[in-house]
């Protein structure tokens, strides 16, 4: 008998969960305008920090591709012959932290300068004074495979190196801006998440006020707090789930609108950079987080209502 009673209570508990799930969804459809307003405000509040996070993630990808392609210029001493520069380039190519090395001889450097109209005339004047003169040194363009700073410091200690050109300040500033952007995204997500929580809570509060007499009767009949709270929790969860889906739809529309122009802009710079959005796992986490947010908002409001209306013992 006790086992049968326990099974009956469990069946009733599950049945009420199923009823609350379906009934709360029905209440959403019976009030379409209120539901659309709540879901719209929540969806936009969730889409803004998510969109900023996607922009920052793509900027980090772009910065990573630029940094990986950043070349280190090693100007050799003027007395270093071309044969030694070629041998040094071969030695550097064998290093594990070097991806590629390009040797630019003094003759190649002079020919490149001649192709610049503003310098061609001055070079011709120098060549007229001394046809054999070429003050340009050999240049090694080194593409790093690992840490740029470590490689640049190592190249600066080469006996043949006269000057190493590597500007790391731009990367430090970019990293600083990206860190600042991530912090802004977190603060914005917290504020807008709190706003979404309040929107759900206010909507559920209005629904509770509309059913106040009905809930009072249930309390007089001995209904538990969980029994009364359950439909409103599912109502908040439905709001959150719909808001998460709307946020994903907004982000997908923005991705489709921006993908082609960004691809064209990247192609004009000779890059294959493409805008990336949320993957399926991240989209699932967004839906789960929005559902939990709606559940929490409804739980806070219903808990406050139940504490206010709980009968006091004489």
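The values are calculated or read from the model by the stated rules, or taken from the named source; none is laboratory data. Small disclaimer: the values here were computed from a predicted structure and weren't measured. In this analysis, Cβ positions are derived from the backbone assuming ideal geometry, glycine residues included, and neighbour counts consider all displayed protein chains.
Give 143, 173 a once-over and let me know the one that is within 30 Å of residue 52 (Cα to Cα) and either exposed (fewer than 12 other Cβ atoms within 10 Å of the Cβ) or modelled with pLDDT of 70 or more (or both). Reasoning before the result, please.
Values: 143 fails: within 30 Å of residue 52 (Cα to Cα).
Result of the check over 143, 173: 173.
Residues in the range 87-100: is at least one modelled with pLDDT under 85, over 40 Å from the mean Cα position of the chain (by Cα) and not in a helix (DSSP H, G or I)?
So far as the range 87-100 goes, no, none of its residues is modelled with pLDDT under 85, over 40 Å from the mean Cα position of the chain (by Cα) and not in a helix (DSSP H, G or I).
Can you name the number of the only condition in (1) surrounded by 17 or more Cβ atoms within 10 Å (Cβ to Cβ); (2) within 26 Å of residue 276 (Cβ to Cβ) that residue 20 fails?
Of the numbered conditions (1) surrounded by 17 or more Cβ atoms within 10 Å (Cβ to Cβ); (2) within 26 Å of residue 276 (Cβ to Cβ), the odd one out for residue 20 is (2).
Within the range 204-228, how many residues turn out to be assigned to a helix (DSSP H, G or I) and over 25 Å from residue 43 (Cβ atoms)? Before you say what the answer is, go through the steps one by one.
Step one: filter the range 204-228 for residues assigned to a helix (DSSP H, G or I), giving 204-210, 212-220, 225-228.
Those left that are additionally over 25 Å from residue 43 (Cβ atoms): 212-220, 225-228.
Residues flagged as assigned to a helix (DSSP H, G or I) and over 25 Å from residue 43 (Cβ atoms) within the range 204-228 amount to 13.
So residue 235 fits all but one of (1) modelled with pLDDT under 85; (2) over 26 Å from the mean Cα position of the chain (by Cα); what number is the exception?
Residue 235 satisfies all of (1) modelled with pLDDT under 85; (2) over 26 Å from the mean Cα position of the chain (by Cα) except (1).
What number goes with the only condition from (1) in contact with a helix residue (DSSP H, G or I) (Cβ under 8 Å, 6 or more places away or on another chain); (2) closer than 18 Å to residue 308 by Cβ that residue 224 does not pass?
Every condition holds for residue 224 apart from (1).
For residue 213, all conditions in the list (1) surrounded by 12 or more Cβ atoms within 10 Å (Cβ to Cβ); (2) at pLDDT below 85 hold save one; what is the number of the exception?
(1)
Among the residues of the range 259-283, how many are surrounded by 13 or more Cβ atoms within 10 Å (Cβ to Cβ) and part of a helix (DSSP H, G or I)?
Restricting attention to the range 259-283, the residues satisfying the condition of being surrounded by 13 or more Cβ atoms within 10 Å (Cβ to Cβ) are 259, 262-263, 266, 271, 273, 275, 277-278, 282-283.
Filter once more, so that each one left must be part of a helix (DSSP H, G or I): 259, 262-263, 266, 282-283.
Within the range 259-283, residues that are surrounded by 13 or more Cβ atoms within 10 Å (Cβ to Cβ) and part of a helix (DSSP H, G or I) number 6.
Looking at (1) modelled with pLDDT under 85; (2) surrounded by 15 or more Cβ atoms within 10 Å (Cβ to Cβ); (3) within 18 Å of residue 58 (Cβ to Cβ), which is the only condition residue 286 fails?
Result: residue 286 passes all but (1).
Looking only at residues that are in contact with a helix residue (DSSP H, G or I) (Cβ under 8 Å, 6 or more places away or on another chain) and surrounded by 15 or more Cβ atoms within 10 Å (Cβ to Cβ) in the range 26-39, which one is farthest from residue 191 (Cα to Cα)?
Going residue by residue through the range 26-39, those that are in contact with a helix residue (DSSP H, G or I) (Cβ under 8 Å, 6 or more places away or on another chain) are 27-29, 34-35, 38-39.
After this cut, where a residue has to be surrounded by 15 or more Cβ atoms within 10 Å (Cβ to Cβ) as well, the list is 27-28, 35, 38-39.
On the way: 27: 28, 28: 26, 35: 22, 38: 17, 39: 17 Å.
Looking at the filtered set, the residue picked out is 27.
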